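Novice: One structure coming up, written as structure tokens, with questions to follow.
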Amino acid sequence: MLGIDCHTHTSISPDGTGTAGGLCRSAISKGLQALAITEHIELNRWFSEEHYGASPRNQWEKFEYCDRMEKAMKQNSSIKDSYGSRIHVVSGIELGQPHLDFGLAEAIIHDIRLDYVIASLHELHGKTDFFCLDYNRESIPALMDQYFKELLKICQWGKFDVLGHLTYPLRYIEGEHGLDAEIEKHEEQIRECLKALVEHGCGLEINTSGLRQPYGKTFPTLDILKMYREYGGEMITIGSDAHRPEDVGKGVQEGIAMAAEAGFQYLCYFHEREPIYIRII
Ligand SMILES: [Zn+2]
Ligand SMILES: [Zn+2]
């Protein structure tokens, strides 16, 4: 099977289970050519609770991601040694909220053990993860507006490889809670983000996790993928966002079909922060 999975987690991520070896064995058994291991590094909790004078707002908020980064890089190096002859193992991270401290973000991504950096926005400034928000107490138009404003800052920074799961709030607002986020009202904001990505030579991820969740679609959907191409975007990755080995590769074939439908001829994965293109049509 032609395929790559550029977004996966192990138990080093607070919400993941399983091992990097498990991810690799699952990817090899499904015939994938490349697998990126991309643990969560939530930049705004890089240091200890004491450093921020803060405490977790829910069970998912962990601090001291600096320690997880070290664990992740050691894991990825050793897994490349063990599985690198059978599959391209990509040492990545999913860097959350880089816009909250660009100086720190740049220091983190200069780590030479990194092949690949996904930039993500899981939580807005001053708020908890979209996963944990109480949507009865939030204004959805205001949340969506703020989401795209903060996302634009990340896109305009542009020092990462690909933007992860664009339209992430829809997983919860539309998928889990059945509310309408009126995404069409944010088209101009989405276009600004995509333009900034292209200007900075950044890629866009097709995140297939929504296909196996109530949302039922990828992040982002085909229309947005086409817009990225309209602006001259060429770098597309596909990631299952597996948080357990059995989900590796799920939705990748649908993602490839979608990329082809949007007019892309290549997908890419990364090695030492440079794209490696593989032809899909
Ligand atoms: Zn994410
Ligand atoms: Zn993820």
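Novice: Per 10 Å bin from zero, what fraction in whole % of the C-alpha pairs of the chain is there, up to the bin with the longest pair?
Specialist: Taking all Cα pairs of the chain, the binned fractions are 7, 31, 39, 21, 3, 0 percent.
Novice: So if I average 1/r over every pair of distinct C-alpha atoms in region 4-137 and take the inverse, what Kirkwood radius in Å does that give?
Specialist: 15.6
Novice: Ratio of region 1-77's C-alpha Rg to 2.2 N^0.38 Å, to two decimals? Write down the numbers at each step before the final one.
Specialist: Working: Rg = 14.8 Å, N = 77, 2.2 N^0.38 = 11.5 Å.
Ratio of Rg to 2.2 N^0.38 Å for region 1-77: 1.29.
Novice: With a cap of 13 neighbouring Cβ atoms within 10 Å, and only residues DSSP puts in a loop, list the GluC sites (Glu not before Pro) found in region 176-281.
Specialist: Values: sites: 176, 182, 184, 187, 188, 192, 199, 205, 230, 234, 246, 254, 261, 272; in loops: 182, 234, 272.
Passing sites in region 176-281 are 182, 272.
Novice: Continuing with this model, one more query. May I have the extent of the alpha carbons of region 149-192 along their three principal axes, as whole Å values ordered from largest to smallest?
Specialist: The Cα atoms of region 149-192 stretch 35, 19, 13 Å along their principal axes.
Novice: A further question follows. With Cβ to Cβ distances under 12 Å as the rule, what net charge do the other residues near residue 263 carry (K, R +1; D, E -1)? Please list the in-between numbers first.
Specialist: Details: positive: 226, 229; negative: 230, 234, 261.
It works out to a net charge of -1.
Novice: Anyone know which of 78, 29, 209 comes out most mobile in the 10 Å Cα GNM of the chain?
Specialist: 29
Quick note: the coordinates plus some simple rules give every number you see, no bench work behind them. Computed from a prediction, not measured in an experiment: that's the story for all the values here. For neighbour counting, all protein chains shown are included, and Cβ atoms are generated from backbone atoms with ideal geometry for every residue, glycine included.
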